[in-house]
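Here's the structure we're looking at; comments come further down.
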Amino acid sequence: MRLGPPASECRVFTFRDGLLSSFGHDLELVVARFDVQVDEKLRRVDASFDAASVRVARGLRDGVELPNAPSADERRQIEDNVRRDVLDANRHPEIRFRSTRVTDVEGGFDVAGKLQLHGKERDIIVALRRAGDRYVADVPIEQPDFGIRPYSAFLGTLRVKPRVVVRVSFPAPA
């Protein structure tokens with residue numbers, strides 16, 4: 001089975017921190033290009049995400065969408081910063097996940113595997129759970145574990161927290 005946009009989604013949630021964090025906003029980003037291959041018979045998952053395809057979906061404050069933030073210019077600047085300074089998409093154009101074990105659990109699966117991000121590889125476990133007619137996984141990622149320095153501005157008084165959450169969602173088979 002092959003999964004990808006538009007039926008499947010990959011979103012990244014970032015959270016603000018620092019002395020000036022009250023002036024900033026959290027972000028919901030979308031990975032526009034990705035491909036997930038699931039071999040149900042062999043119980044394997046192989047996923048590839050295009051690091052240059054990250055786009056700003058919306059700005060949030062305390063979980064509530066900010067209607068006019070970020071502006072179109074700010075969105076372009078954020079997307080450029082993510083591609084260039086955070087993910088270094090020219091040197092690391094692909095983010096990969098390959099499963100090593102899939103375990104049945106109540107309500108879904110625990111998928112253990114290796115995540116390659118920003119030139120580093122780490123073991124992670126993806127808790128994939130059924131939510132209505134979809135499978136959803138929220139995966140916390142500590143950016144420094146992958147050699148990523150979280151974005152900061154204004155001498156660090158406004159910055160992104162080291163932990164981001166990646167949410168993958170796709171239709172559950174009938």
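We did not get these values from a lab; they are worked out from the coordinates using the rules stated. Just so it is clear, the model here is predicted, and its values are computed rather than measured. Backbone-built Cβ (ideal geometry, glycine too); neighbour counts: all protein chains shown.
Points worth noting:
- Among the residues of segment 30-43, the ones that are within 22 Å of residue 74 (Cβ to Cβ) and either in a strand (DSSP E or B) or touching a residue at least 40 places away in the same chain (Cβ under 8 Å) (or both) come to 2 in all.
Residues checked against (1) in a strand (DSSP E or B); (2) surrounded by 14 or more Cβ atoms within 10 Å (Cβ to Cβ); (3) among the aromatic types (Phe, Trp, Tyr); (4) under 16 Å from the mean Cα position of the chain (by Cα):
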site	(1), (2), (3), (4)
22	no, no, no, no
28	yes, yes, no, yes
45	yes, yes, no, no
76	no, no, no, no
92	no, yes, no, yes
100	yes, no, no, no
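- Selection from segment 81-124 of residues that are touching a Leu at 6+ places or on another chain (Cβ under 9 Å), closer than 16 Å to residue 31 by Cα and β-branched (Val, Ile, Thr): 82, 95
- Identity of the residue in segment 145-174, aliphatic (A, V, I, L, M) and assigned to a loop (DSSP other than H, G, I, E, B), that ends up nearest to residue 130 (Cα to Cα): 172
- Which listed residue is closer than 20 Å to residue 150 by Cα, among the hydrophobic types (A, V, I, L, M, F, W, C), touching a residue at least 24 places away in the same chain (Cβ under 8 Å) and in contact with a Gly (Cβ under 7 Å, 6 or more places away or on another chain), from 19, 27, 66, 60: 27
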